[in-house]
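J.: Structure provided below as structure tokens; questions to follow.
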């Protein structure tokens, strides 16, 4: 009997606090686990030493018959306290540092939802802050418990026992990869359909095949657009032409104007030689004036066609923004060129007024001269 006790004492002395031992689970209770490690008494693993995350009952972490590696954290006569959490943690840090250095993406299971984020068991406690869970805002995380997420480590500090994970970073990298592939498939010059995603002061972002391209405000229409919301709304389907693709910056420039009939399309049907039309003086140059007779369609009134008198410089008798009557002299739709005459329009008006006047035989030439003079004075005003 004495000999047996001596053997047990010798055996007990082979265990020291800090030793790592192997044992088999013999019993799983709610708040602790009993383990046979070959010691004179069974070792105890308190529930707090089973995992690096909170668990409700011991059975959530281990099962009877399971073999575990454990660390001795307390040894007093018949009181042997062991830790599974300590061994798991020591092993985990080497693995985690390797994952952190390589930027590896791996899967974790959400063990708990806490204030401010999610908790995962990595051998040590891994934390996913709420702001790093998804690329979009999430109001309620309650259904994330038990969910498997792909993550990468964004912060690691062994001394502070701090492991910060991010699922958002993985999602954004996947989106970037998809966007890169999508951008590479887009070719300048092609015409495609897209959906208006958002409107800004300077244009509209249109999604084409997973890529948001910019339609600058100057490319929305052939006519002047004050603000994009005047001609577009979010969610609208539009046809666009790809102007340019920058694979490095993943920027795509689009144009709606390029797929619309230009302002000169069908001009020959709308504007006929001999027509008298009203227009707005848009620009004055030394050789004449450009007058807009249809939206974004301008014709040239040569300086010789401004008035019956000699005009040295168009700004002597005209100003930008002035409304004038013009006669169409020539229309060339293919070259986008229209020749106009203010002088002949005035003469036409004189003829029309003269026809309406219908003077009697007694009418003097002096009276007729006054009529013509009055019409020509209108041009000088």
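J.: Going by alpha carbons, how many degrees (0 to 90, nearest 10) lie between the helix axis of 168-185 and the longest principal axis of the chain?
T.: For helix 168-185, the angle is close to 40 degrees.
J.: Between residue 315 and residue 105, how high is the FRET efficiency from 1/(1 + (r/R0)^6) when r is the Cβ-Cβ distance and R₀ = 56 Å? Nearest 0.05. Don't skip to the end; give the middle numbers.
T.: Details: r = 69 Å, r/R0 = 1.24.
My answer for the efficiency is 0.20.
J.: Would you calculate the separation in nanometres between label points at residue 69 and residue 250, each defined as 7 Å from the Cα along the Cα-to-beta-carbon direction?
T.: In this crude spin-label approximation the distance works out to 4.0 nm.
J.: Which of the peptides 26-34, 287-295 is most tightly packed, and how do the rest follow, going by the mean number of other Cβ atoms within 10 Å of each residue? Don't jump to the answer; show the numbers that get you there.
T.: On the way: 26-34: 15.8, 287-295: 18.8.
Descending packing order for the listed peptides: 287-295, 26-34.
J.: Ok, one more. With a cut-off of 8 Å between alpha carbons and a minimum separation of six or more residues, what is the relative contact order of the chain in percent? Write out the running numbers ahead of the final one.
T.: On the way: 734 pairs, mean separation 29.6, N = 381.
Averaging sequence separation for qualifying contacts and normalising by length gives 8 percent for the chain.
J.: Evaluate the distance, in nm, between pseudo-label points positioned 7 Å from the Cα of residue 260 and of residue 302 along their respective Cα→Cβ axes.
T.: 3.4
J.: Still on this model: Among DSSP beta bridges whose residues both lie in segment 279-351, state the antiparallel percentage, nearest 5. Intermediate results must be reported in sequence, preceding the final value.
T.: Numbers: 18 of 20 bridges.
Just about 90 percent of them are antiparallel.
J.: A follow-up question, please. Just to confirm the number: angle between the C-alpha axis of helix 84-102 and the first principal axis of the chain, 0 to 90 degrees, nearest 10?
T.: 30
J.: Which FRET efficiency value, to the nearest 0.05, is calculated for residue 332 and residue 286 with the Förster distance at 30 angstrom and r the Cβ-Cβ distance? Please list the in-between numbers first.
T.: Details: r = 22 Å, r/R0 = 0.75.
The computed FRET efficiency comes out at 0.85.
J.: Return one number: the angle in degrees, 0 to 90 and rounded to the nearest 10, between the long axis of the Cα atoms of helix 342-357 and the longest principal axis of the Cα atoms of the chain.
T.: The helix 342-357 is inclined about 50 degrees to the chain.
J.: By DSSP, what percent of the beta bridges with both residues in segment 103-172 are antiparallel, rounded to the nearest 5? Please list the in-between numbers first.
T.: Working: 18 of 19 bridges.
Once the DSSP bridges in segment 103-172 are tallied, antiparallel ones form about 95 percent.
J.: While we're on this one: State whether segment 27-84 is rounded, prolate or oblate according to the following rule on the C-alpha gyration tensor (a ≥ b ≥ c being the square roots of its eigenvalues): a/c under 1.5 gives rounded; otherwise a/b larger than b/c gives prolate, and the remaining case gives oblate.
T.: In terms of gyration-tensor shape, prolate.
J.: Once you have the Cα-Cα distance between residue 229 and residue 29, take 0.36 nm times their residue separation minus that, and quote the gain in nm to one decimal. Please list the in-between numbers first.
T.: Values: separation 200, 0.36 × 200 = 72.00 nm, distance 6.66 nm.
Fully extending the segment from residue 229 to residue 29 adds 65.3 nm.
J.: Rank these for me by crowding, 71, 40, going from fewest to most other beta carbons within 10 Å.
T.: Values: 71 20, 40 14.
Neighbour counts put them in this order, fewest first: 40, 71.
J.: Estimate the FRET efficiency between residue 147 and residue 236 by the formula 1/(1 + (r/R0)^6), using the beta-carbon distance for r and 45 Å for R0, to the nearest 0.05.
T.: Working: r = 36 Å, r/R0 = 0.80.
E(calc), rounded to 0.05, equals 0.80.
J.: Also, quick follow-up: For the chain, give me the percentage of DSSP beta bridges that are antiparallel, rounded to the nearest 5 percent. If you can, show how the numbers build up before the last one.
T.: Working: 78 of 84 bridges.
Restricted to the chain, the bridges split so that about 95 percent are antiparallel.
J.: Same structure again: 222 nm [θ] for the chain, helices only, -39500 (n - 2.57) per DSSP H run of 4+, per residue, to 500? The partial results should precede the final answer.
T.: Details: 6 runs with 85 residues, N = 381.
Helix-only estimate at 222 nm: -7000 deg cm²/dmol.
J.: Express the relative contact order of segment 267-353 as a whole percentage, based on alpha carbon pairs under 8 Å and six or more residues apart in sequence.
T.: Numbers: 173 pairs, mean separation 27.9, N = 87.
For segment 267-353, the relative contact order is 32 percent.
J.: Let me make sure I get this right: for segment 241-331, a, b and c are the square roots of the gyration tensor eigenvalues over alpha carbons, sorted descending. Under 1.5 in a/c it's rounded, otherwise prolate if a/b > b/c, else oblate. Which is it?
T.: Values: a/c = 3.76, a/b = 2.04, b/c = 1.85.
Judged from the Cα gyration tensor, segment 241-331 comes out prolate (a/c at least 1.5, a/b above b/c).
J.: How far apart, in nanometres, would the label points at residue 268 and residue 188 be if each is projected 7 angstrom from Cα along the Cα-to-Cβ direction?
T.: 3.2
J.: For segment 208-268, rounded, prolate or oblate, judged on the Cα gyration tensor with a ≥ b ≥ c (square roots of eigenvalues), a/c < 1.5 rounded, else prolate if a/b > b/c? All intermediate terms of the calculation are to be shown ahead of the outcome.
T.: Numbers: a/c = 2.17, a/b = 1.57, b/c = 1.38.
Prolate, because a/c is 1.5 or more and a/b exceeds b/c.
J.: I'm spelling it out carefully: the read-out is semi-axes √(5λ) of the Cα gyration tensor in Å, the candidates are (1) 94, 16, 15; (2) 36, 25, 20; (3) 41, 22, 18, and one was derived from this structure. Which label?
T.: Computed from the coordinates, semi-axes √(5λ) of the Cα gyration tensor in Å corresponds to (1).
J.: Arrange 264, 93 by Cβ neighbour counts within 10 Å, fewest through most, would you? Intermediate values should be presented prior to the final figure.
T.: Values: 264 20, 93 16.
Sorted ascending by nearby Cβ count, the order is 93, 264.
J.: Here is a further query. Sequence gap at least 6, Cα distance under 8 Å: using those rules, report the relative contact order of segment 103-172 to the nearest whole percent. Don't skip to the end; give the middle numbers.
T.: Values: 141 pairs, mean separation 25.2, N = 70.
Contact order relative to length: 36 percent.
J.: Ranking 45, 73 by Cβ neighbours within 10 Å, fewest first, what do you get?
T.: On the way: 45 25, 73 17.
Placing the least packed residue first, the sequence is 73, 45.
Each value in this text was obtained by applying a stated rule to the coordinates, not by laboratory testing. Computed from a predicted structure; not experimentally measured. Ideal geometry is used to build each Cβ from the backbone, glycine not excepted, and the neighbour counts take in all protein chains shown.
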